[in-house]
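**Student:** One structure, pasted below without further comment.
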Amino acid sequence: MEAQVHKHIVMVPFMAQGHLIPFLELAHRILHHNPIFTITIVNSPLNINYLRSAIANGPSPPHQIHLKSLPFNSSDHGLPPNSENTDGLPITQIIKLFHASTALETPLRGLISDVISDEGSPPVCIISDVFMGWANEVANSFGTVNYSFTTGGAYGSAAYSSIWMNLPHRNLTDGGTHDEFPVPGFPESCRFSITQLHSYLIAADGKDEWSTFFQPQISLSLKSKGWLCNTVEEIEIMGCETLRNYIKLPVWCIGPLLPQKMLKNNPGSGIVGRRSGKQPVIRPEECIEWLDSHPQDSVLYISFGSQNTISETQMMELAKGLEESKKPFIWVIRPPIGFDLKGEFKPEWLPLGFEDRIGKQGLMVHGWAPQLEILCHPSTGAFLSHCGWNSVMESLSQGVPMIGWPLAAEQGYNAKMLVEEMGVCVVLTRGVHGKIVKEKVKNVIEVVLDKSEEGKGNDMRRKASEVGRLIRASVDGSSYKAMDDFLWTILYS
């Protein structure tokens with residue numbers, strides 16, 4: 001039976017690369033599943049340009065995806081000119097961007113009015129980022145519905161939402177301590193530690209600038225018709241159950257939102273294509289050629305995501321540990337904390353003569369790297385990562401185990417889950433103030449890259465490989481069914 005509604009979906013991602021790209025992948029996935037929809041993705045002008053560039057880098061884009069820029073002036077919100085994305089912003093400015101994102105509400109209302117004028121009815125639904133909870137009120141006022149999309153995993157999203165809403169580390173009950181406290185929605189046996197929280201969350205009291213953004217936006221997202229989650233049911237059984245238990249809403253696990261080539265059973269080495277609108281500073285072919293010269297599962301890949309870096313002291317110790325490990329590595333490196341992330345890299349941030357000495361052992365990438373090609377290559381044996389969810393899914397889809405160094409957002413919770421629930425990760429340290437010495441760096445690298453039959457590294461690789469198999473199987477299995485159910489719900493319920 002044909003649905004008696006316009007099949008127009010409006011998407012409202014948050015203003016960060018780790019959110020924009022999954023929304024674009026979600027749009028592609030919806031249209032691949034059912035091409036009857038028109039999808040309009042809205043955002044600030046620079047982010048729309050970024051998405052346009054990302055689309056241009058991919059396969060021929062479906063004509064049903066439309067990009068619409070909404071007026072936004074960062075200077076009106078105490079931000080530097082043209083600051084429309086978290087990329088390159090220091091943490092003190094990122095919170096201003098969060099608050100500034102609510103300024104998109106008024107122009108979004110104008111856009112929905114235009115849709116109604118042109119089509120005679122409102123969009124069938126709005127899909128908004130969990131951080132853009134205000135879109136629920138927009139949907140309600142125009143007689144449509146809103147679904148929230150969390151670009152993170154189920155466990156991390158549940159922890160992030162519950163900890164922000166309840167601040168359990170401040171309201172210690174049941175004998176909890178800062179080293180071990182329960183989190184509402186999680187099983188009693190699952191305890192969290194203050195070390196897994198970012199400094200701004202540790203200091204939050206419900207009245208600070210972080211709380212006054214996250215608490216209202218998450219509260220509004222809890223009033224949506226349901227949540228979409230960029231994960232796979234089978235790899236996060238406990239996380240999915242916890243998320244549903246906490247938010248008391250339907251949850252559709254429609255991940256992995258990754259390029260199709262990564263989800264083949266044997267992607268092998270080769271060009272996957274860029275997910276982002278960024279131009280790598282090194283050609284993918286160059287990386288592949290370098291990786292081809294190393295044995296299988298021997299190379300450590302190091303990257304802290306699109307907006308993170310570490311301190312000078314940490315950078316120095318990491319470099320020393322890498323050199324002493326004698327293991328081959330690719331290191332995506334940016335200036336340390338306190339310096340312009342997009343500025344020139346100074347040799348004094350590394351041991352004297354480091355880049356000359358490492359020779360064939362290491363490939364240093366000053367800027368953007370072809371991450372997908374690196375993770376898909378059989379020589380890549382482990383990923384030292386900030387544990388951002390996109391990086392986690394990219395790594396695990398290829399069966400690559402991880403060394404965790406969570407830095408912000410829900411990354412500490414992701415790392416906890418990867419260690420405790422999956423057994424595919426070892427945490428090296430946490431945050432930009434975490435203690436790190438070269439001896440520990442060397443030891444952890446050796447453990448994770450160890451290929452001996454009874455070694456921990458081999459066990460992690462085996463578990464990561466099984467998670468990868470489940471991720472790939474979900475494309476035609478549980479995630480396909482979840483998408484089918486979600487699209488049936490928005491059309492017919």
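**Student:** Straight-line reach from K451: which aspartates and glutamates have Cα under 12 Å away, leaving out those fewer than 8 places along the same chain?
**Tutor:** D297, D459
**Student:** Per-residue accessible area for H33 at 1.4 Å probe radius, Å² rounded to 10?
**Tutor:** About 40 Å², rounded to the nearest 10.
**Student:** In degrees from 0 to 90, rounded to the nearest 10, what is the angle of the helix 478-492 Cα long axis to the longest principal axis of the chain?
**Tutor:** 20 degrees
**Student:** Further question on the same structure: Pairs of Cα atoms under 8 Å, at least six residues apart: use those to get the relative contact order of the chain, whole percent. Intermediate values should be presented prior to the final figure.
**Tutor:** On the way: 934 pairs, mean separation 74.5, N = 493.
Computed value for the chain: 15 percent relative contact order.
**Student:** With axes computed from alpha carbons, what is the tilt in degrees of helix 438-449 against the longest principal axis of the chain, rounded to the nearest 10 within 0 to 90?
**Tutor:** 70 degrees
**Student:** Among 10-23, 471-484, 362-375, what's the highest-first ranking by average C-beta atoms within 10 angstrom per residue? Could you put the intermediate results ahead of the total?
**Tutor:** Values: 10-23: 25.1, 471-484: 17.9, 362-375: 21.6.
Peptide ranking by packing, descending: 10-23, 362-375, 471-484.
**Student:** Follow-up question, since we're still on this one. Please report the carbon-and-sulfur percent of the accessible area for the stretch 1-147; probe 1.4 Å, protein heavy atoms only, DNA, RNA and ligands left out. Mind showing how you got there, number by number?
**Tutor:** Details: 3020 of 5700 Å².
Its accessible area is 53 percent carbon and sulfur atoms.
**Student:** Identify, among Y200, A54, Y147, the residue whose Cα sits farthest towards the positive end of the charge dipole of the chain, taking +1 on the Cβ of Lys and Arg and -1 on the Cβ of Asp and Glu, with the dipole about the Cα centre.
**Tutor:** The one lying farthest along the dipole's positive direction is A54.
**Student:** A follow-up question, please. How high is the relative contact order of the stretch 290-343? Use alpha-carbon pairs under 8 Å, at least six apart in sequence, and give a whole percent. Don't skip to the end; give the middle numbers.
**Tutor:** On the way: 43 pairs, mean separation 24.5, N = 54.
Reported relative contact order: 45 percent.
**Student:** Based on DSSP H runs of at least 4 residues, each adding -39500 (n - 2.57), what is the mean residue ellipticity at 222 nm of the chain after dividing by all its residues, to the nearest 500 deg cm²/dmol?
**Tutor:** Details: 18 runs with 197 residues, N = 493.
Result for the chain: -12000 deg cm²/dmol, rounded to the nearest 500.
**Student:** I've got another one for you. Provide the per residue accessible area, probe 1.4 Å, for the stretch 356-407, rounded to a whole number of square angstrom.
**Tutor:** On the way: 1100 Å² over 52 residues.
With all protein chains present, the stretch 356-407 gives 21 Å² per residue.
**Student:** To the nearest 10 degrees, how steeply does helix 211-221 sit against the main Cα axis of the chain, on a 0 to 90 scale?
**Tutor:** 60 degrees
**Student:** List the GluC sites (Glu not before Pro) within the stretch 398-493 that fall in a DSSP loop (any state other than H, G, I, E or B) and whose Cβ has at most 15 other Cβ atoms within 10 Å.
**Tutor:** The qualifying sites are E453, E454.
**Student:** Residues with amide H under 5 Å of W368's amide H, sequence separation 5 or more or different chain, H placed in the peptide plane at 1.01 Å from N; which?
**Tutor:** Under 5 Å from the amide H of W368: V281.
**Student:** So which lysines can K456 reach, going by Cα to Cα under 29 Å and dropping same-chain residues fewer than 8 places off?
**Tutor:** The qualifying lysines are K264, K320, K326, K327, K360, K416, K435, K438, K440, K442.
**Student:** Tell me which aspartates and glutamates have Cα within less than 12 Å of K463's Cα, excluding those fewer than 8 residues away on the same chain?
**Tutor:** Within reach: E421.
**Student:** What residues of the stretch 294-330 lie in the reach of a label at D356, counting those whose backbone N is under 11 Å from a point 7 Å from the Cα along Cα→Cβ?
**Tutor:** none
**Student:** Another question about this same structure. Given a cut-off of under 8 Å on Cα pairs at least six residues apart, what relative contact order in percent is computed for the stretch 359-477?
**Tutor:** Working: 152 pairs, mean separation 28.6, N = 119.
It comes to 24 percent, rounded to a whole number.
**Student:** Sticking with this structure for a sec: Could you work out how far apart the two model spin labels at N443 and D476 are, taking each label as a point 7 Å from the Cα in the direction of the beta carbon, and quote it in nm?
**Tutor:** In this crude label model, N443 to D476 measures out at 4.6 nm.
**Student:** Is the shape of the stretch 453-493 rounded, prolate or oblate, going by the alpha carbon gyration tensor and its root eigenvalues a ≥ b ≥ c, with a/c under 1.5 for rounded and a/b larger than b/c for prolate?
**Tutor:** Working: a/c = 8.56, a/b = 4.97, b/c = 1.72.
Note, shape of the stretch 453-493 comes out prolate.
**Student:** Could you tell me what percent of the DSSP beta bridges with both partners in the chain are antiparallel, to the nearest 5? Could you put the intermediate results ahead of the total?
**Tutor:** Working: 3 of 44 bridges.
Of all bridge pairs located within the chain, approximately 5 percent are antiparallel.
**Student:** Okay, next question. Can you find, among A415, Y492, V437, the residue farthest towards the positive end of the dipole of the stretch 392-493? Put +1 on the C-beta of Lys and Arg, -1 on that of Asp and Glu.
**Tutor:** V437
**Student:** Tally Lys and Arg at +1 and Asp and Glu at -1 over the other residues with C-beta under 14 Å from the C-beta of K440: what net charge comes out? Let's see the in-between values first.
**Tutor:** Details: positive: K320, R430, K435, K438, K442; negative: E317, E324, E439, E446.
Combined, the nearby Lys, Arg, Asp and Glu give +1.
The values are calculated or read from the model by the stated rules, or taken from the named source; none is laboratory data. Computed from a predicted structure; not experimentally measured. All Cβ positions, even for glycine, are placed from backbone atoms using ideal geometry, and neighbour counts span all protein chains on display. Ligands, DNA and RNA are stripped out before the accessible areas are found, and what is left, the full protein with its side chains, is counted by its heavy atoms. Shrake-Rupley method; radii C 1.70, N 1.55, O 1.52, S 1.80 Å.
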